[in-house]
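Q: Take this structure first; my questions come after.
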Amino acid sequence: MPAGQCAQLRKLGVCLRACRGLFCAEIGLGPDVLYMIHPASRLEVILHSRADGRSAVKSAAYTARTTFRDARVGRRFSSGRKGGLLSHELINWTGNAEELWNAAERSERRKNARVIRELRPSLPRELPLPEQVRLVRGFCLWLRDEYGVAVQADIHAPRFLCPEEEKRHSAGKLELTREDYEQRLFDPSKTNLNFHAHILMTTRKVDRIAGDFGEKTRVLDDRTSGPGEIKRIRGEWEKRTNAALRKIGSPARVDLRSYAEMAKTGNAPQGLARQDHVGPRRSARSRRRLQESGSDDTVAGVRRHAVQEHNSTLWHSWLQLRALERQRDDLEAERIARERGCPQENGQR
């Protein structure tokens with residue numbers, strides 16, 4: 001793509017963010033009201049099963065951007081040429097990641113066994129990279145202490161807005177110094193700021209010293225206790241993320257509650273529709289169609305646009321109503337103050 005088109009895409013991203021702030025000012029709301037649901041308010045939970053043709057070793061190699069050999073299937077899986085890995089570490093395991101996941105595969109006998117439980121949390125763009133690493137590490141230590149599992153944690157970089165830049169970035173060929181690279185990652189005119197982590201947990205308890213795999217973490221799989229435990233995990237991530245944001249003095253906060261739960265407490269309008277996660281393949285297809293025809297006319301793109309329009313209309317009406325209610329309350333307070341002969345609390349003291 002020509003450099004001029006790349007610049008236009010970056011400019012469009014900045015303009016869209018600016019428009020949100022103008023809308024808030026127009027109806028008398030604070031500049032961050034539209035971010036009541038922070039973009040990083042997301043933590044997916046995915047189970048990798050052999051029944052789906054999954055390999056724990058392959059998944060670990062992909063998130064770690066490296067090459068591992070799966071001894072069970074006798075294949076080598078390579079992702080070493082991909083870029084975008086910002087951090088990689090293991091918790092509750094003394095060897096390397098290849099040894100960990102081969103051992104995890106050996107511990108399972110069933111052909112439909114679940115070997116990996118993956119958590120995919122988004123990371124707030126407000127947190128500097130060292131704070132993101134510290135947040136993920138602390139959370140993984142909590143997972144170890146709570147469930148006795150071994151964990152691999154990898155932080156991935158956001159996607160560049162310019163397709164050509166992203167192509168080089170994905171191939172690990174974006175030739176920049178580490179300092180310049182990190183600076184560009186946090187630039188809203190260069191990337192989509194979608195920092196995220198891949199946290200791979202064993203589905204069995206692990207003895208860190210002996211390297212032995214013990215019993216399954218049934219509390220997470222059980223139909224009765226599982227949903228509650230997943231909710232507790234999400235709550236812990238939300239608590240730790242917001243604590244990290246407070247630590248650096250940021251007013252931003254994440255909220256992992258469902259739309260329905262938020263609406264019950266008056267923090268969101270009723271009727272918001274959940275937007276499905278489209279995954280990397282459909283996202284790539286959407287970007288390709290957008291580049292070719294100027295619009296995303298894929299099935300996933302049309303559906304996503306419809307949900308966004310629906311939610312945008314609800315948010316717009318709800319925010320306007322809140323602004324009017326606030327103005328009404330202020331006028332009522334002024335009227336009561338005049339009737340009582342009290343000075344108005346409008347800054348004239």
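Q: Please tell me if Arg253 is closer than 30 Å to His156 by Cα, touching a helix residue (DSSP H, G or I) at 6+ places or on another chain (Cβ under 9 Å), at pLDDT 80 or above and surrounded by 12 or more Cβ atoms within 10 Å (Cβ to Cβ).
A: So Arg253 passes the test.
Q: Can you pull out every residue in the stretch 100-116 that is part of a loop (DSSP other than H, G, I, E, B), over 12 Å from His48 (Cα atoms) and of a type in the set (A, V, I, L, M, F, W, C)?
A: none
Q: In the stretch 97-107, how many are open to solvent by 20 Å² or more (accessible area, probe 1.4 Å) and under 26 Å from the mean Cα position of the chain (by Cα)?
A: 1
Q: While we're on this one: Considering the stretch 220-230 alone, what residues qualify as being under 25 Å from Ala40 (Cβ atoms) and either loosely packed, with under 13 Cβ neighbours inside 10 Å or of a type in the set (Gly, Ala, Ser) (or both)?
A: Hits for the stretch 220-230 are Gly226, Pro227, Gly228.
Q: Would you please name the residue that is most open to solvent (accessible area, probe 1.4 Å), looking only at residues in the stretch 108-140 that are in contact with a Leu (Cβ under 9 Å, 6 or more places away or on another chain) and either farther than 18 Å from Arg240 by Cα or among the polar types (S, T, N, Q) (or both)?
A: Arg114
Q: Checking Arg50 against (1) at pLDDT below 95; (2) surrounded by fewer than 17 Cβ atoms within 10 Å (Cβ to Cβ); (3) under 26 Å from Asp221 (Cβ atoms), which test does it fail?
A: The failed condition is (2).
Q: Give the residues of the stretch 298-312 that are open to solvent by 80 Å² or more (accessible area, probe 1.4 Å) and either farther than 19 Å from Gly271 by Cβ or hydroxyl-bearing (Ser, Thr, Tyr) (or both), sorted by residue number.
A: Val299, Val302, listed by residue number.
Q: Confirm whether Val45 is more than 30 Å from Leu321 (Cα to Cα), open to solvent by 50 Å² or more (accessible area, probe 1.4 Å) and of a type outside the set (D, E, K, R).
A: yes
Q: Please name all residue pairs, on different chains or six or more residues apart, with Cβ atoms under 6 Å, provided the first residue is in the stretch 111-133 and is more than 15 Å from Ser41 (Cα to Cα) and the second residue is β-branched (Val, Ile, Thr) and not in a loop (DSSP other than H, G, I, E, B).
A: Glu118/Ile46
Q: Still on this structure, I have one more. Would you confirm whether or not the stretch 258-270 contains a residue that is open to solvent by 90 Å² or more (accessible area, probe 1.4 Å) and either touching a helix residue (DSSP H, G or I) at 6+ places or on another chain (Cβ under 7 Å) or at pLDDT 85 or above (or both)?
A: yes
Q: Ok, one more. Out of the stretch 290-310, which residues are without any contact (Cβ under 8 Å) to a residue 24 or more places away in the chain, more than 28 Å from Tyr259 (Cα to Cα), in a helix (DSSP H, G or I) and not charged (D, E, K, R)?
A: Leu290, Ser293
The values are calculated or read from the model by the stated rules, or taken from the named source; none is laboratory data. Remember, predicted model here, so these are calculated numbers, not experimental data. Please note: Cβ atoms are built from the backbone with ideal geometry, for glycine as well, and neighbour counts cover all protein chains shown. The area values use the complete protein model at the heavy-atom level, side chains included, leaving out ligands, DNA and RNA. Shrake-Rupley method; radii C 1.70, N 1.55, O 1.52, S 1.80 Å.
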